[in-house]
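The values are calculated or read from the model by the stated rules, or taken from the named source; none is laboratory data. Quick caveat, the model's predicted, so the values are computed rather than measured. Please note: Cβ atoms are built from the backbone with ideal geometry, for glycine as well, and neighbour counts cover all protein chains shown. With ligands, DNA and RNA removed, areas are computed over all heavy atoms of the protein, side chains included. Shrake-Rupley method; radii C 1.70, N 1.55, O 1.52, S 1.80 Å.
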Amino acid sequence: MPTLVALAFGLGGLAAEDKPPVQTPVPVPVQTPKPTTVKPNEVREVLIVGAKAYHPDRIRFILTTRAGMIFDPVALADDVRAIEKMGPFTNTRSDITRNADGSLTITFHVIEQPYVSGVDFADLGYFQRSPLEKLVETRAGSWLNPLILENDRRAIEAHFQDKGYRYVRVTVRQENDRGNVQVTFFTNLGPEIKVADVVYLNLPPKVFPKQLNLGLLNGPGSAYHPELMTFDQGAVVRALQELGWLDARLNATRAEITDYVRPLDERRRAGPAFVPDGEKNDSVMLVYDLAAGERYYLGSVSFVGNTIASGAELREAFELAEGVPFKRSDIDRAVERARRVISNQGYARCDIRVDRGLDLVNRRVNLVLHVEEGRKYKIGRVDIHGNYVTKDAVVRRAIDLVPGDLWNDDDIDESKRQIQRTGLFKHNPMRPIALRPRFPADRPDEADLRIDLEEDSTGTLNFQVGYSSADGVFIQTGFGERNFNLQGFITGLFDGDVTRDWRGAGQNLNVGVQWSENTTNADVSWTNPHVMDGPFALTLGYSYVNSRRRAWEERRSIPTVTVGRYFFNNDLRLNLSYAYSDLEVLDAESDAPNDAIFGEGKYYHNSLTLGQSFDRLDNPRMPTRGYQASASETYGGDPLSGSSEYWSYTLKGDYFLPLIEGEQGGVTYFHVNARWSQIRTLGDDDQVPFYQRYFGGGPSPRHRGFENDRLSPTEINVNGNKAYVGGTTDAMVSAEISVPVQGINEGIRLAFFTDWGNVWGAGDSISANDLRTATGFGIRFPIMIPVALDFAWLLDAEDGEANTQIQFTLGQFRY
């Protein structure tokens, strides 16, 4: 035991002796950090005060002013506006605090607005409320902004004031809705003030009130705006001056408050429609006391500065003779006619300045026309803009001018008309087709022609579900494209991408299928109106009809080929068509004509048709002015083979007369169309086959007073039943007034129509007294989803004929 202790002691001593000496560490000097240098006006911190639901970092993210940047007062003002534009905040302000080290602390104080849980319009019906929902900016789910809310309140008042409610008052109530806000607009409309009539005292002879009413903002029947009376007073004076009363002025203008007597009011039985008794005070009578003075007439007309055309040539183009009433509109048109004598020879910048000299004694206006001819220009480049889908070639073939031609304003107008007639581009006061000159500085003798266009919707994809008293329920689906490109479509099929270039060539493609209880139709057609961009047209078509609309079932299969050529700026078209008709007649009913009962079987016909058409309509799809006349002659005899031999012809005409054009381009027009058709036999045939005879009645352009195919001569057949046998002469005339309810041609239209027509059999005497008459009205809904609804009353219904008819179709989508 002692040995182990000693050993342990020894080992411990040995280990202690072998350890190296402990070295004392050298002290390391501690480096004190250098003080940070703060730049003058450096932003140390950006604080957000007042944000609740929004995290402050969401606000800092949009700010330009940030920590570490040099303070910029312009950026600070922009940051305040940026916070306001976020929507949830209002009354935003900024504070600047200077710290001891010279840095700045920027603090943004915001007031966070609550969410809007809902917006309601009290005391208003559906049709009054609907436009307001689109008008106001305060909506459910948005932040409540007091400024926007006040703007909405004023906008609602202005909306109803424009409708004649001059004393409308709108108030706003905000109610707490579980931490959000329910906004309610209360509207007190007050009395509706309308302009009952406009009376002109001391109106000059041969001036009608309607001529002066055209320029009025407070016209008859419109809402009364007293603040616009100053403009109307100037409009009345200008209208008289433009008619030749150059000294016209107003003695006085007054507004007489009147009461409109309602039709059921007892006072109306023996009194006027308007009385000044103040019972309602809902109308005003505007009275203009005129001092027209003497009328002025055109005196001498002379031209100064003209070298290209003689004074005699310009005076001849001016046309107006001395002594005619001095009407501003007539003078402007006469000056333009004279100007074009020169401008049509290449002088694109030709201008005529008019100096008037008054002969107060003789009441004459002598005109001195200063001609500034300018430089002679040729057409340089033709630049087309806005045709993103339509190819340039479609537009260029409609232009009468090409590079190198002399500038000609008449050709410019004709080019605009041809572009409009394609139906591919919008043309109204809001989106006009514009052809303007550009004069490049590097080509002083050339004028570039710039064409600005906006493409219209050209495709239709329709699915229609309709009902009429003639066919019952029917379903129709179809596809149409007025700007088709067959070559691009075929190329796309091989390339695997048919959508790349299938539109833009101005071709027409139509595919449709229709089914009803009595009829199944399928048809497809393709038309290239300008083959190789030339004057020739080509149409290929095929149709299949399986119909039981008449007293027998017939199945027709008709392929057609048509070749045409245009003349006279595409106004006149001549075409030649070939058609093969394969027909099967079966299941004749007991009330069918005798020749149908005994004529079941198969028939075929080959025919050639020569067509002529002269078209001066302003738009092929939705015309509002112009006319179109056409004729066609069909021959189905030797050497063409067929089950029967016949010839027929048809004469058609359409005329559109614009009556009123609104500010948005909507045109109220009068439309009349007429059709006359006859068919006769050839060779040994003594009777036109029953399946080729005419049957009238049905939707427009047929006689709307009859069911489909129920306007026809009748007979008692072999079964003792009344049979509709059809006729060999068909006449139809229709007159219609169409009104754009929404102020645009593509919107809802209201139509009033009268139809006259009849069908006569072979050997019947034809007389205008035989025409059957129906009248009615219809509604045409927007072109995006068109609905046509017609109500017709037959004025001279006979026994067994319904005196009312309804035609209704629904559903079409355009792209």
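Listing for the model above:
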read-out	value
Net length gained if the chain between VAL287 and ARG93 were fully extended (0.36 nm per residue, minus Cα distance)	64.4 nm
Violating pairs (Cα-Cα greater than 20 angstrom) within the set LYS652/LYS722; LYS134/LYS163; LYS602/LYS652; LYS210/LYS416; LYS134/LYS194; LYS327/LYS416	LYS652/LYS722; LYS602/LYS652; LYS210/LYS416; LYS134/LYS194; LYS327/LYS416
Computed accessible area, ASP533, all protein chains, 1.4 angstrom probe, square angstrom	80 Å²
Translational diffusion coefficient (Stokes-Einstein; Kirkwood radius from C-alpha pairs) of the chain at 25 °C, 0.890 mPa s, in µm²/s	69 µm²/s
As computed over the stretch 193-249, the Cα convex hull volume per residue (Å³)	77 Å³
Inter-probe distance in nm under a simple model that places probes 7 Å from Cα toward Cβ, at VAL511 and ASP332	5.0 nm
Cα-projected label distance for ASP400 with TYR544, points at 7 Å along beta-carbon direction, nm	4.8 nm
By accessible area with a 1.4 Å probe, ligands and nucleic acids excluded, highest first: order of SER765, SER457, SER641	SER765, SER641, SER457
DSSP bridge pairs, the stretch 285-421: antiparallel proportion in percent, nearest 5	65 percent
Cα-based shape type of the stretch 442-517, given that a ≥ b ≥ c are square roots of the gyration tensor eigenvalues and the cut on a/c is 1.5	oblate
Cβ-based charge dipole, the chain, positive-most Cα from TYR200, LEU217, ILE83	ILE83
Per-residue SASA entry for ARG625, accessible area with 1.4 Å probe, Å² rounded to 10	100 Å²
Label point distance in nm, ASP72-SER630, each placed 7 Å from Cα along Cα→Cβ	6.8 nm
Translational D in µm²/s for the stretch 135-256 (Stokes-Einstein at 25 °C, 0.890 mPa s, Kirkwood Rh from C-alpha pairs)	140 µm²/s
Of all accessible heavy-atom area on the chain, the percent that carbon and sulfur account for (1.4 Å)	55 percent
FRET E, pair LEU572, ARG621, Förster distance 25 Å, beta-carbon r, rounded to 0.05	0.80
Base-10 log of normalised Debye intensity for the stretch 346-449 (one unit scatterer per alpha-carbon) at q = 0.12, 0.14, 0.15, 0.18 Å⁻¹	-0.55, -0.67, -0.73, -0.90
Accessible area in square angstrom per residue, the chain, 1.4 angstrom probe	54 Å²
Candidates per GluC sites (Glu not before Pro) in the stretch 295-326, loop by DSSP, up to 14 other Cβ within 10 Å	GLU319, GLU322
Normalised convex hull volume, the stretch 662-776, alpha-carbon set, Å³ per residue	129 Å³
Cut-off 17 Å (backbone N to label point 7 Å along Cα→Cβ of GLU294), residues of the stretch 365-386	365-366
Accessible heavy-atom area order of GLU133, GLU633, highest first, probe of 1.4 Å	GLU133, GLU633
Proximal aspartates and glutamates to LYS52, defined as alpha-carbon separation beneath 16 angstrom and excluding residues fewer than eight positions away on the same chain	GLU84, GLU112
Principal axis dimensions, the stretch 79-133 - Cα atoms, whole angstrom, descending	66, 16, 13
Selection from GLY164, TYR724, GLY374, by position along the positive dipole direction of the chain (Cβ)	GLY374
Gain in span if fully extended, ARG431 to THR64, counting 0.36 nm per residue against the direct Cα distance	128.0 nm
Within the chain: Cβ-based charge dipole about Cα centre, in debye rounded to nearest 20 (Lys, Arg +1; Asp, Glu -1)	2560 debye
Relative contact order for the chain, counting Cα pairs under 8 Å that sit 6 or more residues apart, in percent	5 percent
Computed lengthening from PHE494 to VAL361, 0.36 nm per intervening residue step minus Cα-Cα distance	39.6 nm
Dipole of the chain [Lys/Arg +1, Asp/Glu -1 at C-beta], most positive-end residue of TYR580, ALA551, THR422	THR422
